[in-house]
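Asker: Encoded as structure tokens, here's the structure I'll be asking about.
The values are calculated or read from the model by the stated rules, or taken from the named source; none is laboratory data. This one's a predicted model, so the numbers in the text were calculated from it and none came from an experiment. Methodologically, a virtual Cβ is constructed for each residue, glycine included, from the backbone with ideal geometry; neighbour enumeration extends over all protein chains shown.
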Amino acid sequence: MQHFYPLYLANKAHEGSDDALEVINKYSQEPVAEVARADEALLEEAIAAGIKAVPEMQALKPYQKQRILLDCVAKFTQRFDEFTEALIAEGGKPEAAAKAEVKRLIATFQFAADAVTTMPEGEVIPLDVTEASAGYRGFTKRVPIGLCGFISPFNFPLNLVAHKIAPAIAAGCPFILKPASYTPIGALLIAEVLAQTELPEGAFSIMPMSSKIADKLVTDERIKLLSFTGSDKVGWDMKARAGKKKVVLELGGNAAVMVEPDADLDKALPRIITGGYSQAGQVCISVQRVLIHQDIYASVKDKLVELAKQVKSGDPSEADVVVGPMIDKGELERIQQWVKEAVDAGATILCGGETKGLVMEATILENVSHEAKLYKDEAFGPVMILESYEDFEKGMALANDTRFGLQVGVYSSNINKALQAWDTLEAGGVIINDVPTFRVDNMPYGGVKDSGFGREGVKYALEDMTELRLMVVKD
């Protein structure tokens, strides 16, 4: 069994306390690694080091930050296979999905390197707009916000870490990151790379730790920004207790995709299958509800069921497997119980539903009650629900019938319907002619309602990690 030890401070490794964290292969359930977990004293040391590093991080010139980020890009590329293997083992990701995530890790750091030299510095503001302000001019610039606290989830252990730390480096902010306890290895491999760059000592700490210890990232006023990706219940509680710091929340979803009669079904249906079952459905924007116009419901249903039956589930190390294991037994049992409750209330399983180990087959249901947990909450598993609607307005009403609002997909060749959907759908993103699972790492990504607060995507994260500073000059 390999032993990975987190780099609590830049260029300095600690073995931590005796509180070791065992990392399990999510398919075989065999131990693959052991990492140390930070205690309260080590977290305090990291906070103190981060605060000490603030002036040096703020003083980094754009070319220096860009060089650090490009150095990471090169090293991630060199260690591509190592990162891929870690994702397969600790995350249960099929090989194709793991490789895709490593590519996104690299791309996100590249976007951050590009943003360093392209982000507008500020503006000149004419202040002599009244007689009293004659002779005054205003100038603005953006300055780093300070020490940041990051908490990342298990489902994208590389890319969602990258979306926090790459913009922080570009902004000139030191940071402390707590990776998910299920999947800490990828973040620690990133830490190894960061430790080989020109980042100032203390500029970063990547620390597996308990949620109890990590709560200091939420409550400590020395942390100037908290960025959390995870469940809505936990995230909103954090925001309520975060005090004066800025908070960015990327939370849950209950993503719907609408399929209109004028949709290109040959393109739409395979994408819906991909959007529903990739990563075993453990994605905030995984397709959960497929809303189909009544005129094509029967034929679309049959085709989706046929395609779902062809989705291979099982060992993620096998090249053709799409659906790997759920993250743990508790999550598998939860989704099984939700399916059972839906069926007991009148739903019909059209395909799937069987499990082997921690793997659930690609599953489709219809006639699911709107009161069922499977309908109103986030499934976060390889399950999709089919439902028909009478017309476009009623379809959009169904899409909005959720406390979540991350992204919605709409398949239609009608530009007027696309614009109407953009105006009407209550979501952070409206994706036309693709699934809500679509994301490019430079776009603004985030939700409304219970799905979150703020936006990620390098450019938009940079805005959160900096503050506007005004200078006024009198002639």
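Asker: Quick one: which of GLU331, GLU361, GLU318 is outside the structural domain of LYS26 (by TED's automatic domain parsing) and within 24 Å of ALA298 (Cα to Cα)?
Answerer: The match here is GLU361.
Asker: Do we find a residue being over 23 Å from GLY172 (Cα atoms) and either touching a helix residue (DSSP H, G or I) at 6+ places or on another chain (Cβ under 8 Å) or buried (at least 23 other Cβ atoms within 10 Å of the Cβ) (or both) anywhere in the range 111-130?
Answerer: yes
Asker: Now, a different point. Look at the range 309-367 and say how many of its residues are small (Gly, Ala, Ser), surrounded by 14 or more Cβ atoms within 10 Å (Cβ to Cβ) and within 25 Å of the chain's Cα centre (by Cα).
Answerer: Selection size over the range 309-367: 5.
Asker: Something else now. Out of the residues in the range 178-208 meeting the condition of being surrounded by 24 or more Cβ atoms within 10 Å (Cβ to Cβ) and within 16 Å of the chain's Cα centre (by Cα), tell me which one is nearest to LEU225 (Cα to Cα).
Answerer: Checking each candidate, the answer is LYS178.
Asker: A follow-up question, please. For PHE392, indicate whether it is at positive phi and touching a residue at least 60 places away in the same chain (Cβ under 8 Å). Break it down into steps so the answer makes sense when it comes.
Answerer: Numbers: at positive phi: no; touching a residue at least 60 places away in the same chain (Cβ under 8 Å): yes.
Against the criterion (at positive phi and touching a residue at least 60 places away in the same chain (Cβ under 8 Å)), PHE392 does not qualify.
Asker: Out of LYS417, LYS459, report the one residue that is within 16 Å of the chain's Cα centre (by Cα), over 22 Å from HIS370 (Cβ atoms), among the charged types (D, E, K, R) and outside any strand (DSSP E or B).
Answerer: Result of the check over LYS417, LYS459: LYS459.
Asker: Of all residues in the range 308-318, count the ones that are among the basic types (Lys, Arg) and not in a loop (DSSP other than H, G, I, E, B).
Answerer: Adding up the residues that qualify gives 1.
Asker: Continuing with the same structure: Name the residues in the range 193-208 that are farther than 15 Å from GLU34 by Cα and either without any contact (Cβ under 8 Å) to a residue 24 or more places away in the chain or touching a strand residue (DSSP E or B) at 6+ places or on another chain (Cβ under 9 Å) (or both), would you? Steps first, please.
Answerer: Going residue by residue through the range 193-208, those that are farther than 15 Å from GLU34 by Cα are 193-206.
Those that are farther than 15 Å from GLU34 by Cα and either without any contact (Cβ under 8 Å) to a residue 24 or more places away in the chain or touching a strand residue (DSSP E or B) at 6+ places or on another chain (Cβ under 9 Å) (or both): LEU194, ALA195, GLU201, GLY202, ALA203, PHE204, SER205, ILE206.
Asker: When residues of the range 275-302 are filtered for being closer than 21 Å to VAL322 by Cα and surrounded by 18 or more Cβ atoms within 10 Å (Cβ to Cβ), how many remain?
Answerer: Counting residues in the range 275-302 that are closer than 21 Å to VAL322 by Cα and surrounded by 18 or more Cβ atoms within 10 Å (Cβ to Cβ) gives 16.
Asker: Something else now. Pick out the one residue from VAL305, VAL300, VAL290, VAL321 that is out of contact with any Phe, Trp or Tyr (no Cβ under 8 Å at 6 or more places or on another chain), in a strand (DSSP E or B) and among the aliphatic types (A, V, I, L, M).
Answerer: None of the others qualify; the one that does is VAL290.
Asker: Looking at the range 226-267 only, could you name the residues that are of a type in the set (Asp, Glu), more than 21 Å from ALA427 (Cα to Cα) and not assigned by TED's automatic domain parsing to the domain that holds ILE432?
Answerer: ASP237
Asker: Additional query: Quick check on the range 451-458. Is at least one of its residues at pLDDT 95 or above, among the charged types (D, E, K, R) and surrounded by 23 or more Cβ atoms within 10 Å (Cβ to Cβ)?
Answerer: Yes; the residues of the range 451-458 include at least one that is at pLDDT 95 or above, among the charged types (D, E, K, R) and surrounded by 23 or more Cβ atoms within 10 Å (Cβ to Cβ).
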